[in-house]
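Below: one structure, written as structure tokens.
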Amino acid sequence: MSRAAPSISRIALALTALFVCASPAAASVLLLGEIDQTTLGSITGAEIVTPLNTAFDYHPSAAPLPGDGTVFSTVFEGAGAAAGQFVYVYQIDHFATSSQVKSGGMNVAFGAVSNVAGIGEAFFVGNDSGVASPFMVFESPGQVDFMFYPFIYAGQLSHQFGLVSPTAPSTVSALVLDSGVVDAYATVYTSSAPPIPEPASQVLLLSGLMVVSLYGLRFASD
């Protein structure tokens, strides 16, 4: 007898328990808001950096070249409800020619995160040209994990997603995972200094993605 696939809320609860209980440092779930392009425009002023569009490659020695996708990142001067702060915007493009079927998350070293009225602590733009969006965002000291479910499948573009911070931008190497076993790196803008996510965080992000994958496999086979 077939069973309905688990709801996003059930998977979210499982992942919340996993991250909060397993993390050696306190991890918290950020308030994630869906906004539209008009709202994004209302909290962003001048673009203060040269946008980055950096390739990530799960198998650097194998085709396709120059990689499996790109991570776009930029930073705006905050306006409106985010006045006096900095708005960090990201977007993942997972190439149709990728060596991996799914891209499931991004871990980025990040400093202070602001809770913006009407937006939340993290956001994604639901009416842009993207398809996939983060369904949960975790913060632990010095870093933020964006979890995607459904995944960003090969040939898909994520929605724009991001954070607001009082801290001015620098660059960092962000971890981009597939569905749980292979990782890659891309240079992005951040509000923090650490160059690479801590190993413990990589294990947590990997564990979370594996839980999501196992849910999918279990119910796909029933």
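Data for the structure
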item	result
Segment 24-141 - percent relative contact order, Cα under 8 Å, separation 6 or more	38
Sum of side-chain charges, V29 neighbourhood, beta-carbon under 14 Å (Lys, Arg +1; Asp, Glu -1)	-3
Net charge, P169 excluded, C-beta distance under 14 Å - Lys, Arg +1, Asp, Glu -1	-2
Convex hull of segment 59-124 built on C-alpha atoms - directionally averaged projected area, nm²	5.8
Pairwise Cα inverse-distance average, inverted: Kirkwood Rh of segment 44-96 (Å)	12.6
P(r) tail fraction, segment 23-150 - alpha-carbon pairs more than 17 Å apart, %	63
Distance (nanometres) between label positions extended 7 Å along Cα→Cβ at V182 and N115	4.0
Counted charge near V125, where neighbours are those whose Cβ lies closer than 14 Å (Asp, Glu -1; Lys, Arg +1)	-3
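Read the figures in this text as sums done on the coordinates, not as results from a lab. In this text, all values refer to a predicted model and were calculated from it rather than measured experimentally. Neighbour counts run over all protein chains shown; Cβ positions are idealised from the backbone, glycine included.
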